[in-house]
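One structure below.
The values are calculated or read from the model by the stated rules, or taken from the named source; none is laboratory data. Values in this document were obtained by computation on a predicted structure and should not be read as measured data. Heads up, the Cβs are rebuilt from the backbone with ideal geometry, glycines too, and the neighbour counts pull from every protein chain shown. Accessible surface is based on the protein model in full, side chains and every heavy atom, while ligands, DNA and RNA are left aside. Shrake-Rupley method; radii C 1.70, N 1.55, O 1.52, S 1.80 Å.
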Amino acid sequence: MKNGLMTKRTILILLTLLLSAIGCSSTPTPTPSATVQITKKASVPSHTKKASVPSHTKKASVSSHTKKASVSRHIKKASVSSHKKKASVSTRKHKVAKSSSINNGMFNRVYRNWKGTPYRYGGSSKKGIDCSAFVQVGYSSVYKKALPRTTLQLVKKGKKVNRNNAKEGDLVFFRTGRNSRHVGIYLGNLKFMHASQSKGVIISRLDNPYWRRHFWQIRRLDKS
C-alpha cells in the first residue's frame, strides 16, 4: 500500500511539474524592447501629417489668388475708363458752354419786328429783304452803326473768331453755293437770325445739318 501511495504522489508531482513547464513555454512574455519597437512603428510624427497637404489644394489656392488679382485689375481698368469717359463728357460740355454764349436779348425787338418778312434779293423793306440788308437793319437798330451793303463787303470787316468763342452780335457767314454767300447775326446758344431765301426772316441753328455743312466763318466787328 505504501508503495502504491508513493507511486501516485510521485505521478501527481510529475504531472504538476509537466503542466507548469508547458504553460510557461506556451505564453512567452514580450520583452520591453519589443514593446518599444511596436510603439515607435505605430506612432506617426506630427510634422509628417502636416507636410502631407494635397498638391491640388495648393494649386486651387494659387488659382483663387490669380482670379482675384485678375478681377481686381479689371475693376481698376473699368474705373479708369469710367473716369476718362466722365472727363471727356465734361470737356465736351465745357466746349458747348463756351460756344453757347448767353443771349442777352439785344436783338429780340429787331427779330419781332421783322419775323416772317419774305426774302427778296436786293430788298430792304417789309415787302422783302435779303440777308445783308437784314444785318444792316440789325446793327443800325442795336448798335447805331452803319454797315456795308453786300455780304462780300461785310466779310472783309472785323476779325475772324473761333466758333467756340462766338458772342451775341457776331456775324455768321456761309458758302451756300459756288458763287453765293450768306450772312446772319449770331444770338448765342448756337442760334442766329437771318433772312432765309426759303422762309424769310427766321432764327436757325448752327448745328442744323444744312448750316453746319455750309458754315464758312464768324467775324466780330467793332460795335462803336
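Among the residues of the range 160-178, the one identified as more than 22 Å from Met106 (Cα to Cα), outside any loop (DSSP other than H, G, I, E, B) and open to solvent by less than 80 Å² (accessible area, probe 1.4 Å) is Phe174.
Lys157 meets the conditions (1) open to solvent by 60 Å² or more (accessible area, probe 1.4 Å); (2) under 41 Å from the mean Cα position of the chain (by Cα) in every case but one. The failed one is (2). His182: under 17 Å from Asn108 (Cα atoms) and either at pLDDT 95 or above or basic (Lys, Arg) (or both), yes or no? Against the criterion (under 17 Å from Asn108 (Cα atoms) and either at pLDDT 95 or above or basic (Lys, Arg) (or both)), His182 does not qualify. Consider the range 118-148 and keep the residues that are within 49 Å of the chain's Cα centre (by Cα) and hydroxyl-bearing (Ser, Thr, Tyr). The one that is surrounded by the fewest Cβ atoms within 10 Å (Cβ to Cβ) is Tyr143.
Give the residues of the range 185-224 that are open to solvent by 60 Å² or more (accessible area, probe 1.4 Å) and of a type in the set (D, E, K, R), sorted by residue number. If the condition is that a residue be open to solvent by 60 Å² or more (accessible area, probe 1.4 Å) and of a type in the set (D, E, K, R), then Lys191, Lys199, Arg205, Asp207, Arg212, Arg213, Asp222 are the ones that fit.
Reported count of residues in the range 199-224, each being at pLDDT 95 or above and of a type in the set (Gly, Ala, Ser), is 2.
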